[in-house]
Amino acid sequence: MTPLVITLVLCAAILHASWNAVLRGRDDKLWSVTVMSFAATVVAIPVVFILPLPAAASWPYLALSVGLQVVYSWFLVIAYRLADLGQVYPMIRGSVPLLVTLGAAIFAGEHLSAAALSGIVLVSLGIMSLALGKGRAHPKAVAAALANSLVIATYTVTDGIGARLSGNSFTYVSWIFVLYGVVMPAAFIATRGRLIVQWSTPETRTVLAAGVVQLVTYGTVIWALTMAPIGPVSALRETSIVFAALIGRMFLSEPLTARRLSACVVIAAGAACLGYLA
């Protein structure tokens, strides 16, 4: 990876942890994640008129990614209703390279290197530390977090392939968010009956800003996936685990015990072994 890719992926990691912190701190998390989709869509719409359509070969991947984004948002809301950012976030992000590596070994017959085995052990120990014992996360939060890991692993591979087939990663990401901004509100209305947004309130402005950050973060990572191997990009991206723990302590007054911080560091180290060294 070039220094530019490394720098931008690290910035994306910090920004990703930040918008998750905004979502975790809201009272109505489903409303918040839905309004976030508006901001991302508004920013993305001009881009789809400027850039050419994604290549036809990428459309099935694009459609699948949009559906997975909605599922991801719902699982994220469930998890954050029941547990802290510093508990949920590491389990979600750290499990992604773990699931990808195990899936490749089971279904593709890929050989597990010593680094991969070490990564599996580290991630598993870190997640067990957060999910079990004193101060553990709620079982439903753990289940939602691990289910979301499977969703993320799926759309990471989907977008890695789709963006490369599209001919332009920026138009690919823009179309994802334009469509996501239609499907997510529709899902909200189907559940709640109607969506009320008071555009001038500080709450709405904060959530809209988080939506823009979400778009920038996602676009940066998708671009990086077209410029460097998926494994190293994914591993570097998971440094957001540690950033999330620190942000949760600084801005959400979440406890940052030695055990929780150690678990986050262990999961991040395991993700690095799985994504970068394996």
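The values are calculated or read from the model by the stated rules, or taken from the named source; none is laboratory data. The shown structure was predicted, so the numbers you read here are calculated from the model rather than taken from an experiment. Please note: Cβ atoms are built from the backbone with ideal geometry, for glycine as well, and neighbour counts cover all protein chains shown. For accessibility, only protein heavy atoms count, side chains too; no ligands or nucleic acids. Shrake-Rupley method; radii C 1.70, N 1.55, O 1.52, S 1.80 Å.
Tabulated results
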item: Pairs with Cβ under 9 Å, 6+ apart, first in the range 249-265 and free of Cβ contacts under 8 Å to residues at least 60 places away in the same chain, second open to solvent by 60 Å² or more (accessible area, probe 1.4 Å); result: LEU261/LEU246; LEU261/ARG249
item: Scope the range 125-170; condition among the hydroxyl-bearing types (Ser, Thr, Tyr) and under 19 Å from the mean Cα position of the chain (by Cα); matching residues; result: SER149, THR154, TYR155, THR156, THR158, SER169
item: Flag if ALA55 is under 25 Å from PHE243 (Cβ atoms) and small (Gly, Ala, Ser); result: no
item: Residue count, the range 247-260 (criterion: crowded, with 16+ Cβ neighbours inside 10 Å, assigned to a helix (DSSP H, G or I) and modelled with pLDDT of 80 or more); result: 3
item: Unique match (being open to solvent by 40 Å² or more (accessible area, probe 1.4 Å), out of contact with any Leu (no Cβ under 9 Å at 6 or more places or on another chain), part of a helix (DSSP H, G or I) and closer than 24 Å to PHE188 by Cα) among LEU64, LEU15; result: LEU64
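Each row is one residue, and each column tells you yes or no for (1) surrounded by 18 or more Cβ atoms within 10 Å (Cβ to Cβ); (2) touching a residue at least 60 places away in the same chain (Cβ under 8 Å).
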| position | (1), (2) |
| --- | --- |
| THR156 | yes, yes |
| GLY167 | no, yes |
| TYR172 | yes, yes |
| TYR180 | yes, yes |
| PHE188 | yes, yes |
| GLY193 | no, no |
| TRP199 | no, no |
| ALA209 | no, yes |
